[in-house]
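Worksheet: one structure, shown below.
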Amino acid sequence: MLIVHVHVCVKPESVAEFRQATIENARASVAEPGIARFDVVEQQDDATQFVLVEVYRTPEAAAAHKETAHYAKWRDAVASMMAEPRQGVKYNAVFPDANGW
C-alpha cells in the first residue's frame, strides 16, 4: 500500500469551486481498480485547508492515476484556485498492512 496525503491551501474565494471539482475527481478516482481509498477532508477551523488522502494498492496504481482524464481535468481546473503549490507526502501502511485490507 502507498498512502499519499496531498495538502492543499485554496484561495478563500475558490473554496466552493475547489470542493466541487475535487469531489468530482474523488468519485472517479475510487472507481479505479488500483485505488483502495480516496478521501477529501477539509480543516474544521480553516475552510481553505484541504488534505486528499489517497490510498493506492501499488506504487504503479499511483502512477496510473496521474494518467487518467479525470485527474488531468482536476489538475488543470484547480491550478488557479490554489493559494500555494500543493504538497504531497508519501506514507507506507503500518496497520493494517497490505494483508489486512
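A few notes on this one:
- Only residues that are surrounded by 12 or more Cβ atoms within 10 Å (Cβ to Cβ), among the aliphatic types (A, V, I, L, M) and within 23 Å of Pro12 (Cβ to Cβ) were counted across region 30-52, and they come to 4.
- Some residue of region 86-101 being surrounded by 16 or more Cβ atoms within 10 Å (Cβ to Cβ) and either in contact with a Pro (Cβ under 8 Å, 6 or more places away or on another chain) or part of a strand (DSSP E or B) (or both): no
- Residue under evaluation Val8, criteria (1) within 24 Å of Phe95 (Cα to Cα); (2) outside any loop (DSSP other than H, G, I, E, B); (3) among the hydrophobic types (A, V, I, L, M, F, W, C), criterion not met: (1)
- Matching entry among Ala63, Ala93 (being without any contact (Cβ under 8 Å) to a residue 12 or more places away in the chain and either under 14 Å from the mean Cα position of the chain (by Cα) or over 21 Å from Glu24 (Cβ atoms) (or both)): Ala63
- Taking region 38-59 as the range and being closer than 17 Å to Pro96 by Cβ and either out of contact with any strand residue (DSSP E or B) (no Cβ under 6 Å at 6 or more places or on another chain) or of a type in the set (S, T, N, Q) (or both) as the test, only Thr58 passes.
- Residue in region 58-70 that is surrounded by fewer than 11 Cβ atoms within 10 Å (Cβ to Cβ), assigned to a loop (DSSP other than H, G, I, E, B) and of a type in the set (Asp, Glu) present: yes
- Restricting Glu24, Glu54 to those that are touching a residue at least 40 places away in the same chain (Cβ under 8 Å), charged (D, E, K, R) and assigned to a strand (DSSP E or B) reduces the list to Glu54.
Here, each number is a calculation from the coordinates, and none is a lab measurement. What you see is a predicted model, and the numbers here were worked out from it, not measured in a lab. Heads up, the Cβs are rebuilt from the backbone with ideal geometry, glycines too, and the neighbour counts pull from every protein chain shown.
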